[in-house]
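Read the structure below first, then the notes.
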Amino acid sequence: MLSYFVRRVLAAIPVMFVVALFVFLLLRLSPGDPAAIIAGDMATPDQLARIRTALGLDRPIYEQFFVWLSQLLRGDFGTSLISQTNVLTMVNQRLEPTISLAIVAIIFTVLIAVPLGVIAAWRHGSFLDNFVMSSSVVGFSVPVFVIGYVLIQIFAIELRWLPVQGFRSLFDGVGPFAQRIVLPALTLSSIYIALIARMTRASMLEVLDEDYIRTARAKGLAERLVLFRHALRNAAVPIITVIGTGFALMVSGVVVTESVFNIPGLGRLIVDAVLARDYPVIQGLILLTAGFYVLINLLIDLSYALTDPRIRY
Amino acid sequence: MGEMKVVFRRTAVSVALGLSVLAASAPVSAQTIHAMMHSGLRVLDPILTTAHITRDHGFMIFDTLLGMDEAFKPQPQMADWKVSDDGMTYTFTLRDGLKWHDGQLVTAEDCIASLNRWGKRDSGGQMMMTHVKSLVATDAKTITMTLATPFGYVLELLAKPSSVPAFMMPKRLADTAPDQPIKEQIGSGPFRFVANEFDPGNKVVYEKFADYIPRKEKASWTAGGKVVKVDRVEWINMPDAQTALNALNSGDLDFMEQVPQDLMPLVESNEDIATADLNPLGNQTMGRMNFLYPPFDNVKIRQAALVAINQADILAARVGDPRFYRECGSFYGCRSPLGSDAGTEGFKATGDLEKAKALLKEAGYDNTPVVILQPTDVASVSTQPVVAAEALRKAGFNVQLQPMDWQTVVTRRASQQPSAQGGWNMFFTNWIIPEVWNPIVNPMLNGHGKEGGFFGWQSDPKMDEMRGQFAAANNDEDRKRIASEIQAHALKEVSYVPLGEYQMVSAWNKQLDGVISSPVPVFWNIAKQ
């Protein structure tokens, strides 16, 4: 397994290089000028030109690329053109809210979606099945921000049980952390609950007709054990794949939830950076996200071995 | 199924109890003002950028030699001054007890370095410096400025509350090249910047500067005593206005600098929230043409465009609620000291399509396309191009409205190429009135053309000559007369199209006491109950 792990990590290096090159070229070829953001509305063209020179943006593109690449090889992701803050410092500031949100959302997703999917498959064709499936259509269809506003209206404004916005670190205490993460995590998880419930149901339906399930029932096992120990475990591989990629998607796609709940996370950072054409921040974030995807995919592959003894690396 | 019901009931009770416990543990913060400003702070150097949020940040941590009061008069702030009888020598004396945030004393040398850096970046400062013969420290607390040629606007420029104010910094920072950002945020203002809590675009924290000694006079705009009555001020940026209003209504937020006009009913219905227009001068919205290429290199066609557009339509689309806008034909703002109707007769954007058609015919307009840049991602400037384009089409213009994000607009408008090669013919933007309220600071009333002119590059030696006369005038009567003459001349030339004024309303929790009116949002004088 170790050699497999090492091979996969080494294989990620050319992937990361291609991502770096692609992102760099795409940004430089798109219109926009960070100097204009720095200088403000009233700056004259002369002032803009001087700032561009000071930032090195007037150098040839290949030269800028190799400067950035040599920085990367030294572990330096560069400095924001706009705020002059180190990119890794900015990422560190925003990492905890996004990761916390994604982890809590994925926990909600697994706790809610997997049992719902299992129950829907178990009672295939019943009212319960139809209810879960039609609810999942709603989960897919209603925009995330609408769900967020509805939850805020009910739990924060009407009932006043939870704050309307903001994020508190887990290090500030479990209470303050939890009260601010519940609503955004529920909001973010809504679409994934719908997706994974349907996925679980479909996978379960495939295995529930298998001979070993009939055998398990015949030898008198409780239905709960049949469903969760025998059927779910055999249906787990596609479910784990969707959960894993869902987690990666959450980390890279939380911007709407972050905006509705005013959570200072990576999603808002990358949108701000794109609007300001803050090249080093965009490049750094996309590269880190790509690395994260590679890592998550690797972990998903490794986890197959834990649920399915037939898979060995 | 009975077992399932019990499980559901238990789960529901647990969730409700859990949420109640969480709600009970909500933290309370005292003596901290949580404010949402009009934008997130990203650029920290208030001399490098003209961005309003950076100017506002500057007023928190930096101080100015002079402040400006609500009567538009310069007043002593860090320094008192004397002017020689011939008006050619200004002597500024620093008041006692001024310290930088690192504990060092403020010296005249620091201030001279600061003035020199500011004089290289600010357009008004640049103009002033062309008249300065020498700027020297006579002693540790005295700065002497000697003019080579008359310039009557020194005090107003040093006190100006618009973008790029003359902020004072320690010499080691002020010696930074004007096109490079300063590396530290050390000022001598009433608040101290908390560097380790700065999260660009999201949060910035200021603490009361314990060693700051405020003036004794009552606070008025940026003049008078900057008495800090809270321990901390936190600016929190929220990307969603609805979320910010929810936070204000629930008490998470104490102050919101700009409430979108369409959301005003949500705060006006809450009796715990106060609302006011803290900047009664308001904002100007306007359109600027490119003077380099057809069709707007022809003055008759510029005039046709000016009269074709209707301020009332632009303002209704931009603002909506008539309580918050007014028509105004003046370049300087109708509530500012120099605001007047001079030259507006026949040169106001009133939607006179017949006159526009006649002017186009007289000019021999040949259907040359008018490329208008239309930002789609910034609400404050997204409607004006659409409404203007419709009016211009009705008048007979061939209009190409090109949608793009604001970043692309600011990049594209810097292009001096023809519109077919990545250039443009017209764009729209907004200003706060102190940025346009006189011919020296108003960037569009500059006839320098391609070399040093504002985007659009109007070349107008007569305008520059008149601006020179305005700068040399040393009394209000002469200034007003010359400003009116410039306005009449610039309207005839259509230096730009004033499209009216609008107000931005601030809202705050009534726990805050002492919020003062100012063109710059300030946090001194405010106590939190």
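The values are calculated or read from the model by the stated rules, or taken from the named source; none is laboratory data. This is a predicted model, so every value here is computed, not measured. Neighbour counts run over all protein chains shown; Cβ positions are idealised from the backbone, glycine included. These accessible areas exclude ligands, DNA and RNA; they are computed on the full protein's heavy atoms, side chains included. Shrake-Rupley method; radii C 1.70, N 1.55, O 1.52, S 1.80 Å.
Report Rg(Cα)/(2.2 N^0.38 Å) for segment B:173-268, keeping two decimals. Each step should come with its number before you reach the end.
Working: Rg = 16.9 Å, N = 96, 2.2 N^0.38 = 12.5 Å.
Normalised Rg, Cα atoms only: 1.36.
Here are some pairs, B:K120/B:K160; B:K133/B:K183; B:K203/B:K226; B:K361/B:K450; B:K120/B:K141; which of them have Cα atoms lying more than 27 Å apart in this structure? Walk me through the numbers before you get to the answer.
Working: B:K120/B:K160 16 Å; B:K133/B:K183 30 Å; B:K203/B:K226 23 Å; B:K361/B:K450 29 Å; B:K120/B:K141 23 Å.
Distance filter (> 27 Å) returns B:K133/B:K183; B:K361/B:K450.
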| Extent of segment B:70-148 along each principal axis, from alpha carbon coordinates, in Å, largest to smallest? | 35, 31, 26
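Calculate for the protein assembly as shown the 222 nm mean residue ellipticity that helices alone would give, adding -39,500 (n - 2.57) per DSSP H run of length 4 or more and normalising by residue count, nearest 500 deg cm²/dmol.
Working: 29 runs with 382 residues, N = 842.
Using -39500 (n - 2.57) per qualifying helix, the result is -14500 deg cm²/dmol.
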| task | Work out from phi, with θ = phi - 60° and the Karplus expression 6.51 cos²θ - 1.76 cosθ + 1.60, the ³J(HN,Hα) of each residue of segment B:226-239, listed in order in whole Hz, and give x for Gly and Pro. | result | 8, 8, 8, 10, 10, 7, 9, 10, 10, 9, 10, 8, 10, x
| note | For segment A:80-160 the trypsin sites (Lys or Arg not before Pro) that pass both the DSSP coil test and the at-most-15 other-Cβ-within-10 Å test are A:R123, A:R160
| field | Distance in nm between pseudo-label sites at B:T91 and B:A312 (7 Å out along the Cβ direction from Cα) | value | 5.9
| field | For B:D69, residues with placed amide H under 5 Å, excluding near neighbours | value | B:Q75
| Which whole number gives the average count of other chain Cβ atoms within 10 Å of the Cβ atoms across peptide A:257-268? | 4
| task | Return, for the Cα atoms of chain A, the radius of gyration and Dmax in Å, separated by a comma. | result | 23.8, 85
| query | How are the Cα pair distances of the protein assembly as shown distributed, in percent, across 20 Å bins from 0? | reply | 14, 41, 32, 12, 2, 0
| field | Those residues of segment B:44-92 for which accessible area with every protein chain present is at least 20 Å² below the isolated value (1.4 Å probe) | value | B:L48, B:T49, B:T50
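Relative to 2.2 N^0.38 Å, what does the C-alpha radius of gyration of chain B come to as a ratio? Two decimals please. If you can, show how the numbers build up before the last one.
On the way: Rg = 25.5 Å, N = 529, 2.2 N^0.38 = 23.8 Å.
Cα Rg divided by the expected 2.2 N^0.38 Å: 1.07.
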| task | Taking the Cα atoms of segment B:401-529, report the difference between the largest and smallest coordinate on each principal axis, in whole Å and largest first. | result | 58, 45, 23
| note | Loop-resident GluC sites (Glu not before Pro) in segment B:308-354 with no more than 11 other Cβ atoms inside 10 Å, DSSP not H/G/I/E/B, are B:E345
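Using per-residue counts of other Cβ atoms within 10 Å, averaged over each peptide, order A:261-272, A:3-14, A:111-122, A:298-309 from highest down.
Values: A:261-272: 24.9, A:3-14: 11.8, A:111-122: 21.6, A:298-309: 14.4.
Going by the mean number of other Cβ atoms within 10 Å, highest first, we get A:261-272, A:111-122, A:298-309, A:3-14.
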| message | Averaged over its residues, how many other protein chain Cβ atoms are within 10 Å of peptide A:157-166's Cβ atoms? | response | 6
| query | So what's the projected area for segment B:301-342, the Cα convex hull averaged over all directions, in nm²? | reply | 3.6
| Per-residue ³J(HN,Hα) for segment B:425-430, Karplus 6.51 cos²θ - 1.76 cosθ + 1.60, θ = phi - 60°, Hz, x for Gly and Pro | 10, 7, 9, 10, 7, 10
| task | Please state, as a whole number in µm²/s, the translational diffusion coefficient that the Stokes-Einstein equation yields for segment A:164-282 at 37 °C and 0.692 mPa s, with Rh defined as the Kirkwood radius across alpha carbon pairs. | result | 189
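Against the empirical 2.2 N^0.38 Å scaling, what ratio does the C-alpha Rg of segment B:106-242 come to?
On the way: Rg = 17.1 Å, N = 137, 2.2 N^0.38 = 14.3 Å.
Cα Rg divided by the expected 2.2 N^0.38 Å: 1.20.
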| Long-range amide H partners of B:M404 with built H, under 5 Å | B:Q374, B:T376
| remark: Nearest-0.05 FRET efficiency for B:S459 and A:L21 at R0 = 45 Å, using Cβ-Cβ distance, is 0.55
| remark: Expressed as a whole number, the average count of other chain Cβ atoms within 10 Å around the Cβ atoms of B:200-208 is 5
| Of all accessible surface on chain A at a 1.4 Å probe, what whole percent is carbon and sulfur? | 69
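Total accessible area buried between chains A and B, 1.4 Å probe, in Å² to the nearest 100? Can you show the working numbers first?
Numbers: alone 16830 and 21910 Å², together 34270 Å².
Protein heavy atoms only, the A-B interface buries about 4500 Å².
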| remark: Ordered by number, the residues of segment B:244-286 with at least 40 Å² less accessible area in the assembly than alone (1.4 Å probe) are B:N246, B:D252
| field | Other-chain or far-sequence residues with amide H under 5 Å of A:N262's (modelled H) | value | A:G166
| note | Carbon and sulfur atoms account, in whole percent of the 1.4 Å probe accessible area of chain B, for 52
| Rounded to the nearest whole Å², what accessible area per residue is found for chain A with the 1.4 Å probe? | 47
| said: For segment B:175-219, which GluC sites (Glu not before Pro) pass both filters: DSSP loop (anything but H, G, I, E, B) and at most 14 other C-beta atoms within 10 Å? | reply: B:E217
